[in-house]
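Visitor: I'd like to ask some things about the structure below.
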Amino acid sequence: MTPASTPLQNTGLNRRDCIFALTAVAASLAGCGGGGGSFAGISSGGTGFVSVGTVRGFGSVIVNTIRFDDSGATFTDDDGSVRSRDDLRLGMVAAVDGANVSTTTGTARNVSFGAQMVGRVTSIDVSKRRFVVLEQRVEVTGSTIFEADTVGGVTGLPLGLTSLVVGDVVEIHGFSKSEGLTATRVQRQSPGTPIFRVQGEVGNHNAASRTFRIGALSIEYSSTPTADIRFTPVNGAQVRVRLVAANPAPTVWSATRIARAESSGAEGSKSEIEGNITAFTSASTFSVNGIAVDASAVATPPGLALGVRVEVKGSFLGGVLVATEVELEDGARVDSLEFEFEGPIGPVVGNTFVIRGVTVNFVALSPTYINGNAAKLIGYTGVLDVKGTAGPSGTDINATRIEFKS
């Protein structure tokens, strides 16, 4: 689905200091200091806007429903290393530090992204649309993107979930749940990948033995370098952990780095966060990806519960995201998530063309055409704006609307 470039997992273990995570991917600390963050960093500086969610399109990067002009943005991964904008993929979870943000547009200053999980597949249930990696259940939705193309010499998943086999090493982007992860993107990785990754809630922490669990996964950090224990595990906290890859799987995995997977934003900073509810007290008090939310001042939709996906807009006050709007993203809405692309297209091949590195089927859903028709696609050299939903395998997009812009 995307042009070949270096997979995120191959970036090594470069320094990434002075950062914290708003969610699985998130914003930077207001200043350097102890404690450490957990992911590629951006900073709202208390006056900007941070949007955290699924990458839903290109031609300017679209995160959640906001189109950010990324022409002057920097791109960083979860090591804090500078990446190319071409490394950002459809379906990744990204954090955009923006300015001049309206309800639909903004200017990106920094875009950070990286995988929430990397590991070996141990079981697959195609009928229930899920598989298991590192003892975590990974759920697939109708909008989960599967990388079909060969990237970095690693064969893709051209049939989506049905291409996956037990023993595959995969890189997964998505949102944490109490029992695992809801995948937004899945990409096969090299079987020799040296470092695995997992994110989730700490349980059964034993300070004396320096062990804890994430779900059914047992982890020890007795030999983890002090500098890489960026957050001391506490039961109930969301953490991101790097593990020494092993096959067969050990009874207890060894951590090479531990970092917190959530924190509050800079005081007064505005944010829009998409993710699963990871703790639930009531419809007015809950957490999204480990971020505390106070929704007492707004009307919340029915159906809020642990594990449900939501989108919350608001500002940080005293370490809590004070909501001004809460939207429920139920199963039907997630399955029919809309993607959008703007730019020139490649040659038409059968019923498809490629735009911004993404294969689009322009026949399957009989799209609406603006300023043209299907015949005009042949040899077209102008700019298209294409909207659509993920195809059945998650490896392409079925167009629902095609507009000829020039």
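Visitor: Does residue 254 satisfy the condition of being of a type in the set (Ser, Thr, Tyr), modelled with pLDDT under 95 and surrounded by fewer than 24 Cβ atoms within 10 Å (Cβ to Cβ)?
Guide: Judged against the criteria, residue 254 is not a match.
Visitor: Would you confirm, using the coordinates I've provided, whether residue 256 is under 23 Å from residue 121 (Cα atoms) and either in contact with a helix residue (DSSP H, G or I) (Cβ under 8 Å, 6 or more places away or on another chain) or in a loop (DSSP other than H, G, I, E, B) (or both)?
Guide: Yes.
Visitor: Determine whether the range 213-221 contains at least one residue that is surrounded by fewer than 23 Cβ atoms within 10 Å (Cβ to Cβ), hydrophobic (A, V, I, L, M, F, W, C) and touching a residue at least 40 places away in the same chain (Cβ under 8 Å).
Guide: Within the range 213-221, one or more residues are surrounded by fewer than 23 Cβ atoms within 10 Å (Cβ to Cβ), hydrophobic (A, V, I, L, M, F, W, C) and touching a residue at least 40 places away in the same chain (Cβ under 8 Å).
Visitor: Residue check: is residue 318 more than 18 Å from residue 265 (Cβ to Cβ), in contact (Cβ under 8 Å) with a residue 12 or more places away in the chain and of a type outside the set (S, T, N, Q)?
Guide: For residue 318, the condition - more than 18 Å from residue 265 (Cβ to Cβ), in contact (Cβ under 8 Å) with a residue 12 or more places away in the chain and of a type outside the set (S, T, N, Q) - is not met.
Visitor: Here are some conditions: (1) under 21 Å from residue 395 (Cβ atoms); (2) surrounded by fewer than 23 Cβ atoms within 10 Å (Cβ to Cβ). Residue 71 meets all but one. Which one does it not meet?
Guide: Evaluating residue 71 over (1) under 21 Å from residue 395 (Cβ atoms); (2) surrounded by fewer than 23 Cβ atoms within 10 Å (Cβ to Cβ) leaves (1) as the failure.
Visitor: Give the residue that is nearest to the chain's Cα centre (by Cα), with candidates limited to residues of the range 252-278 that are basic (Lys, Arg) and within 25 Å of residue 321 (Cα to Cα).
Guide: Among those that are basic (Lys, Arg) and within 25 Å of residue 321 (Cα to Cα), it is 260.
Visitor: On to the next question. Within the range 183-232, take every residue that is among the basic types (Lys, Arg) and part of a strand (DSSP E or B) and give me the one that is nearest to residue 151 (Cα to Cα). Lay out the reasoning, then the answer.
Guide: Filtering the range 183-232 for residues among the basic types (Lys, Arg) gives 185, 188, 197, 210, 213, 230.
Retained after the next criterion (residues that are part of a strand (DSSP E or B)): 185, 188, 197, 213.
Numbers: 185: 14, 188: 9, 197: 20, 213: 33 Å.
Restricting to residues being among the basic types (Lys, Arg) and part of a strand (DSSP E or B), the top hit is 188.
Visitor: Against the condition outside the structural domain of residue 90 (by TED's automatic domain parsing), at pLDDT 95 or above and over 28 Å from residue 57 (Cβ atoms), how does residue 211 come out, does it pass?
Guide: Here the answer is yes, as residue 211 does meet what is asked.
Visitor: Counting just the residues of the range 79-113 that are modelled with pLDDT under 90 and under 30 Å from residue 131 (Cα atoms), which one comes out surrounded by the fewest Cβ atoms within 10 Å (Cβ to Cβ)?
Guide: 79
Visitor: I'd like to verify a number: residues in the range 76-104 that are part of a strand (DSSP E or B) and closer than 24 Å to residue 143 by Cα, how many?
Guide: Here is the first cut: in the range 76-104, the ones part of a strand (DSSP E or B) are 76, 82-83, 93-99.
Adding the requirement that they be closer than 24 Å to residue 143 by Cα leaves 93-96.
Looking only at that region, the number is 4.
Visitor: Let me ask something else. Exactly one of (1) within 23 Å of the chain's Cα centre (by Cα); (2) in contact (Cβ under 8 Å) with a residue 60 or more places away in the chain is unmet by residue 249. Its number?
Guide: Here residue 249 meets the rest and fails (1).
Visitor: Mind counting the residues in the range 129-167 that are in a loop (DSSP other than H, G, I, E, B) and either assigned by TED's automatic domain parsing to the domain that holds residue 309 or more than 30 Å from residue 340 (Cβ to Cβ) (or both)? Talk me through it step by step, then tell me what you get.
Guide: At the first step, the residues of the range 129-167 found to be in a loop (DSSP other than H, G, I, E, B) are 129, 134-135, 147-150, 152-153, 155-159, 164-167.
Filter again for either assigned by TED's automatic domain parsing to the domain that holds residue 309 or more than 30 Å from residue 340 (Cβ to Cβ) (or both), leaving 134-135, 153, 165-167.
Number satisfying all stated conditions: 6.
Visitor: Same structure, new question: I'd like the residue in the range 130-162 that is surrounded by 18 or more Cβ atoms within 10 Å (Cβ to Cβ) and polar (S, T, N, Q) and, out of all such residues, is farthest from residue 214 (Cα to Cα).
Guide: For the range 130-162, the residue satisfying everything is 143.
Visitor: How many residues are outside any strand (DSSP E or B) and on the phi < 0 side of the Ramachandran plot when one looks only at the range 322-371?
Guide: To start, the set of residues in the range 322-371 that are outside any strand (DSSP E or B) comprises 329-338, 344, 346-348, 350-351, 356-357, 362-367, 371.
From the residues that got through so far, the ones that are on the phi < 0 side of the Ramachandran plot too are 329-338, 344, 346-348, 351, 362-365, 367.
Matching residues across the range 322-371 total 20.
Visitor: Identify, by number, the condition in (1) at pLDDT below 95; (2) of a type in the set (A, V, I, L, M, F, W, C); (3) more than 16 Å from the chain's Cα centre (by Cα) that residue 50 doesn't meet.
Guide: Unmet condition: (3).
Visitor: Pick from 295, 332, 323, 374: which is modelled with pLDDT of 95 or more, over 19 Å from residue 160 (Cβ atoms), hydrophobic (A, V, I, L, M, F, W, C) and surrounded by fewer than 17 Cβ atoms within 10 Å (Cβ to Cβ)?
Guide: Details: 295 fails: surrounded by fewer than 17 Cβ atoms within 10 Å (Cβ to Cβ); 332 fails: modelled with pLDDT of 95 or more; 323 fails: surrounded by fewer than 17 Cβ atoms within 10 Å (Cβ to Cβ).
So the residue among 295, 332, 323, 374 that is modelled with pLDDT of 95 or more, over 19 Å from residue 160 (Cβ atoms), hydrophobic (A, V, I, L, M, F, W, C) and surrounded by fewer than 17 Cβ atoms within 10 Å (Cβ to Cβ) is 374.
The values are calculated or read from the model by the stated rules, or taken from the named source; none is laboratory data. The shown structure was predicted, so the numbers you read here are calculated from the model rather than taken from an experiment. Heads up, the Cβs are rebuilt from the backbone with ideal geometry, glycines too, and the neighbour counts pull from every protein chain shown.
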